[in-house]
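Report on the structure given below.
Bear in mind that the values in this text are calculations on the coordinates, not laboratory data. It should be emphasised that the depicted structure is a prediction, and the values quoted were computed from it without experimental measurement. All Cβ positions, even for glycine, are placed from backbone atoms using ideal geometry, and neighbour counts span all protein chains on display.
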Amino acid sequence: MLSNKSQYELVRLLATKHRNICVVGDDDQCIYAWRGADIKNILGFEKDYPDAKVIKLEQNYRSKGNILKAANDVIKNNAERKRKILRTENESGEKIKIYRAYSDMEEANYVCSQIKKIGKDKNINYKDFAILYRTNAQSRTFEDIFMKYNIPYRIIGGLKFYDRKEIKDILAYLKFINNPLDDVSLRRIINVPKRSIGETTVKKVQEFANSMEECMYSVLLDVEQILSISARSMSSIKKFVSLINSFIRSKDEISVSSLIKEILDTTGYLEELKNSQNVDALSRIENLKELVSAAVEFESTSEDKSLSAFLEKVTLVSDIDNFSEDADTVVMMTVHSAKGLEFPVVFMVGMENGIFPGSQSLNDLNEMEESRRLCYVGITRAKEQLYMTSAETRRVFGRTVSYSQSDFISEISKDLKENDNDIMRSSIKSRSFNMHSNRANNTVSSTVNKHIPAVKTNLNTHKENANSLKVEDVKSGVKVKHNKFGIGTIVGISKSGDQIKLTIAFDKMGIKNLMYGIAALEFI
């Protein structure tokens, strides 16, 4: 498919005389406007070549019927497109699974559990699963969860989260602040962002430090003794030392997330990215925001909240071996990178208004159509099974934010999708019913045969449930206890039909959204 206007014009000039031109493309998969691709090249092709013969390739041999119907449902809402409908002779297959998690971490846990379950039930390999997201920053949560559950993964079209330049830069700051003897980290950050301390100056510092058998930072603290360094470089070094000293003083007084924010702001690192014309700048900013979120998450879940403990956790995640291309690993990538690939099971994650589609798309029709084409590409990567997940709350730059479920999900016909939340709740209620039935039977049995030990067991069970949170106790400010999250306070209550959703601020696990009657909560 022809890309930008210059390319189109060049080909048009070359084909003017003989008009011997053949174009293969798909307007529904034009997803590179940010690279200059112009969908009008293909939409307006027949105006420049009115005698052209158009052949629509609508037969699909790859995906199940329901997946293709879902893709058709979404893309038909675009005005700027050629009318065509994907069809297949394959069976309909399973419906699209929709899942709305309480948080981004719970979303990652859900995806992990489904991969384990499907792999076991259908006897398929990790490499048959793909996780598609809108931005690279979204990979971090899944990387952490996969490491926890020992699920091998690889990232296509990008680096693992902790291997990305901007993340390694800020981690180098943190490592050096934590250990000023770390010359490797110092060399990485001394001129990042640029502060007029060139490689020649750094080399002089290193050589002087070696001759004195000192670490580089010790030499920088008394840089005047290096006579070969220029006055300008010496001034820049003193400002750098002053900056680092302020960070070292702060590291035990403020949280890790606050320290990261302070580094980003005070060094000018974030400002430099914001002012950059580089096409990757926005993605890098999103990654740095995700690093702050990772730190906040660490602070809410770890007993040891020190900088050293955070760096240990990061090292554990980032030291996972890289896997070869043919290894049995779950694949993660942006939807842009997934174009042209296909997988038996696909998870499209972060399906929320503000993420996919992005916030810019919500206010711009052309951007929205581009995002919808991107969604269409994502859906059609799935061969057999498609999941679309979202989260009610997620951390962005360390703050908890809430986005509504993506409009793209609502564009899919009801008969093509099923809510996996309902299925899981039904399963929980079924187990609960069976449990209560068994208890009732035990009670009857124990009444007839009072000498059977089951009487004592049953009474103890009721005693344990005596503190269960009752509907009348559901009020803001009430303290509750959860067997996994610990003690927390109800800070929000919302009702939808007969469902009650509680927003609870747990002392050590942060904010969670739980459904009353499903989550086991005790009144305290």
Self-check item: the range 202-207 - phi-based ³J(HN,Hα) in whole Hz, Karplus 6.51/-1.76/1.60, Gly and Pro as x
Solution: 4, 5, 5, 5, 4, 5
Quiz item: In sequence order, what are the phi-derived ³J(HN,Hα) couplings for the range 130-139 according to the Karplus relation 6.51 cos²θ - 1.76 cosθ + 1.60 with θ = phi - 60°, rounded to whole Hz, with x for glycine and proline?
Solution: 9, 10, 10, 9, 7, 10, 4, 4, 5, 5
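State the percent of C-alpha pairs, over all pairs in the range 220-273, separated by a distance greater than 18 angstrom.
The answer is 45 percent, as a whole percent.
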Exercise. Collect residues whose amide H, placed 1.01 Å from N in the peptide plane, falls under 5 Å from the amide H of L469; neighbours closer than 5 in sequence don't count.
Key: L521, E522, F523
Quiz item: Could you give me the ³J(HN,Hα) list for the range 349-357, computed from phi with Karplus coefficients 6.51, -1.76, 1.60 and θ = phi - 60°, whole Hz, x at Gly and Pro?
Solution: 9, x, 7, 9, 5, x, 10, 9, x
Quiz item: Per residue, what volume in Å³ does the Cα convex hull of the range 320-412 take up?
Solution: 129
Quiz item: Hey, can you rank 69-79, 84-94, 98-108, 404-414 by average C-beta count inside 10 Å, highest first?
Solution: 98-108, 69-79, 404-414, 84-94
Practice problem: Find the relative contact order for the range 62-188 and round it to a whole percent, using C-alpha pairs within less than 8 Å whose residues are 6+ positions apart. | Solution: 15
Quiz item: Binned at 5 Å from 0, what are the whole-percent values of the Cα-Cα distance distribution for the range 54-149, short to long?
Solution: 2, 10, 15, 18, 17, 15, 11, 8, 3, 1, 0
Quiz item: How big is the gap, in Å, between the Cα center of the range 112-157 and the Cα center of the range 328-367?
Solution: 15
Quiz prompt | Euclidean distance of C-alpha centroids, the range 372-392 and the range 190-264, integer Å | solution = 48
Quiz item: Extent of the range 256-370 along each principal axis, from alpha carbon coordinates, in Å, largest to smallest?
Solution: 44, 40, 26
Self-check item: For E352, distant residues with modelled amide H under 5 Å away
Solution: S406
Practice problem: Can you give me the three principal axis dimensions of the range 125-257 from its C-alpha atoms, in Å, biggest first? | Solution: 62, 33, 28
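Could you tell me which of the pairs K305/K495; K168/K274; K122/K512; K168/K251; K165/K512; K204/K261 are separated by over 26 angstrom between their Cα atoms in the structure shown?
K305/K495; K122/K512; K165/K512; K204/K261
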